[in-house]
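Single-structure report; data block below.
The values are calculated or read from the model by the stated rules, or taken from the named source; none is laboratory data. This structure is a prediction, so every number in the text was calculated from the model and none was measured. Note that each Cβ is placed from the backbone with ideal geometry, even for glycine, and that neighbours are counted across all protein chains shown. Surface accessibility is based on the protein's heavy atoms, side chains included, excluding ligands, DNA and RNA. Shrake-Rupley method; radii C 1.70, N 1.55, O 1.52, S 1.80 Å.
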Amino acid sequence: MSSLLWRRRYDSSMRIVLQRVSRASVSVDGEIVGAIGGGLLVLVGVAEGDTEDEARHLARKCAEMRVFSDAEGRFNLSVMDTGGEALVVSQFTLLADVRRGRRPSFAGAAAPEVAEPILEAFVEAMRDVGVRVDTGRFGARMQVEIVNEGPVTIIVDSDALDRPRHG
């Protein structure tokens with residue numbers, strides 16, 4: 001596989017870390033700027049080449065993902081089903097390339113002026129399907145506090161959504 005194709009397939013896709021939480025908050029300079037009770041913490045890394053359409057698709061996917069337990073203890077409920085909330089935090093470090101050396105490269109991350117409107121499209125799409133959303137502050141140095149419920153942590157890579165499941 002050519003290095004350009006490898007780079008395109010593995011470095012230029014939106015990455016999301018989705019965590020089921022009983023509560024979460026994000027602070028900037030000691031001030032809480034976003035907080036939720038039960039729901040999802042959604043860390044979003046926007047890559048070079050990502051689009052607002054892709055962000056909207058992933059937002060719906062996250063909102064509809066069944067990661068909450070039903071009465072039988074099975075993952076059959078989404079954050080929409082439970083009336084939960086989402087705390088969306090931009091995190092370009094999810095695009096870290098650690099293949100060479102000891103210092104991660106973030107060259108695959110979208111520039112801030114490109115990433116911010118894509119992140120905003122993600123947030124708006126979650127709100128459009130009825131999820132109450134709080135956010136961090138884009139570009140700020142943030143402290144994120146969570147109580148991971150379960151724990152349940154899922155990684156969503158936009159490129160992986162187009163590939164068939166294994167098996």
Checked Ala35, Ala24 against criteria (part of a strand (DSSP E or B), within 17 Å of the chain's Cα centre (by Cα) and surrounded by fewer than 16 Cβ atoms within 10 Å (Cβ to Cβ)); the one match is Ala35
In this structure, does Leu41 turn out to be under 15 Å from the mean Cα position of the chain (by Cα), outside any loop (DSSP other than H, G, I, E, B) and within 15 Å of Gly136 (Cβ to Cβ)?
yes
Within the bounds of segment 5-12, is there any residue that is under 22 Å from Ile154 (Cβ atoms), open to solvent by less than 30 Å² (accessible area, probe 1.4 Å), of a type outside the set (A, V, I, L, M, F, W, C) and within 18 Å of the chain's Cα centre (by Cα)?
yes
Spans of strands (runs of 3 or more DSSP E) in segment 54-160 with at least 1 residues closer than 20 Å to Val33 by Cα and open to solvent by 50 Å² or more (accessible area, probe 1.4 Å)
132-135, 143-157
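Let's see how each residue does on (1) at pLDDT 95 or above; (2) on the phi < 0 side of the Ramachandran plot; (3) of a type outside the set (Phe, Trp, Tyr):
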site: Leu87; (1), (2), (3): yes, yes, yes
site: Arg102; (1), (2), (3): no, yes, yes
site: Gly108; (1), (2), (3): no, yes, yes
site: Glu113; (1), (2), (3): yes, yes, yes
site: Leu119; (1), (2), (3): yes, yes, yes
site: Ala125; (1), (2), (3): yes, yes, yes
site: Phe138; (1), (2), (3): yes, yes, no
site: Val144; (1), (2), (3): yes, yes, yes
